[in-house]
1. If we only count strands (runs of 3 or more DSSP E) wholly inside region 142-215, which ones have 3 or more residues that are of a type in the set (Gly, Ala, Ser), farther than 25 Å from ASP84 by Cβ and open to solvent by 10 Å² or more (accessible area, probe 1.4 Å)?
2. Do we have GLY19 as at positive phi, more than 7 Å from the ligand (Cβ to nearest atom) and modelled with pLDDT of 95 or more here?
3. Scan region 1-32 residue by residue and report those that are exposed (fewer than 15 other Cβ atoms within 10 Å of the Cβ) and without any contact (Cβ under 8 Å) to a residue 24 or more places away in the chain.
4. Go through the residues of region 46-54 one by one and say whether even a single one is open to solvent by less than 20 Å² (accessible area, probe 1.4 Å), in contact with a Pro (Cβ under 6 Å, 6 or more places away or on another chain) and of a type in the set (Phe, Trp, Tyr).
5. Hey, can you tell me all the residues within region 79-98 that are surrounded by 22 or more Cβ atoms within 10 Å (Cβ to Cβ) and part of a helix (DSSP H, G or I)?
6. Could you grab me the full set of residues in region 216-235 that are open to solvent by less than 60 Å² (accessible area, probe 1.4 Å) and in a helix (DSSP H, G or I)?
Amino acid sequence: MSKAKIVILTGAGISAESGVATFRDPDGVWAKYDLQDVATPQGFARDPVKVQDFYNMRRRQMGSVEPNAAHAALAKLEQKFPGDVLVVTQNIDDLHERAGSRKLIHMHGELGHALCLSCGQSSAWADDIAAHSACPACGAKGQLRPDVVWFGEMPYRMEEIGEALTRCDLFVAIGTSGNVYPAAGFVEEARAAGAVTAELNLKCAGWASRFDEQMEGPATQVVPAFVERVLSGAG
Ligand code: APR
């Protein structure tokens, strides 16, 4: 197990206990907002102010949330595990990196970045995006959108992710409902490559049968326990 390669897919559930709402739980984001309005290129074309307000609100929220024990446990795994650990997150919050994760891919983009429709550059961005905001790279005004991957758009760094899945020995999905592709198909790619697969979730449902193992419970409890198990097995 010492030189093994681990790929960890995380979803909104890992940040739930930090106070960041999930999407499909009864009190989730999509119970309050229509994803067609705020998470599609068509919605942005129809009403850019509504979309900017939505992501500005979520970006501001980052100032009042902290990484939790599950984020910290994954950062520890990356530091202590003798093999490779890659975290692929669907989350656009910055809690993984604030917990210390470095080998990290934001496949759905980041709240803390703005994308310029004029020059195509993605720039670090901490404040609200306004109609007159200027691109830090090219200076164009009013051309910025949240650097978030919307429905119907191609997620980021898919080639790298695909590579890692074909070489991994252990694939773990944490706090994701498995409703959104291509992320929901990663477990099959990993299995096809011979990886052992595990799901960690508050309630292992729906796609649970596609995993060799399930661990049920809040992420702040099951993730640290799982990490200790992996590290003790890595001795
Ligand atoms: N600990 C562990 N898991 C949890 C917790 C918790 N405290 N709270 C909720 N969960 C689980 C739920 O059981 C559910 O399976 O987290 C999952 C959240 O699922 P979704 O809300 O569907 O979020 P996610 O799977 O990340 O969504 C995928 O869909 O809306 C788009 O782009 C958005 O990246 C997102 C993608």
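The values are calculated or read from the model by the stated rules, or taken from the named source; none is laboratory data. Since the structure is predicted, the reported quantities are computational estimates derived from the model, not experimental observations. Glycine gets a Cβ as well: all are built from the backbone with ideal geometry, and neighbour counts include every protein chain shown. All accessible areas refer to the heavy atoms of the entire protein, side chains included, with ligands and DNA or RNA removed. Shrake-Rupley method; radii C 1.70, N 1.55, O 1.52, S 1.80 Å.
1. Working: elements: 144-148, 170-174, 196-201.
The strands (runs of 3 or more DSSP E) meeting that bar number zero.
2. Numbers: at positive phi: yes; more than 7 Å from the ligand (Cβ to nearest atom): yes; modelled with pLDDT of 95 or more: yes.
Taking the combined requirement at face value, the residue satisfies it.
3. Once the filter is applied, which keeps residues that are exposed (fewer than 15 other Cβ atoms within 10 Å of the Cβ) and without any contact (Cβ under 8 Å) to a residue 24 or more places away in the chain, region 1-32 yields PRO26, ASP27, TRP30, ALA31, LYS32.
4. no
5. Across region 79-98, the qualifying residues are LEU95, HIS96.
6. As a first pass, look at region 216-235 and keep what is open to solvent by less than 60 Å² (accessible area, probe 1.4 Å): 217-220, 222-227, 230-231, 233-234.
ALA219, THR220, VAL222, VAL223, PRO224, ALA225, PHE226, VAL227, VAL230, LEU231, GLY233, listed by residue number.
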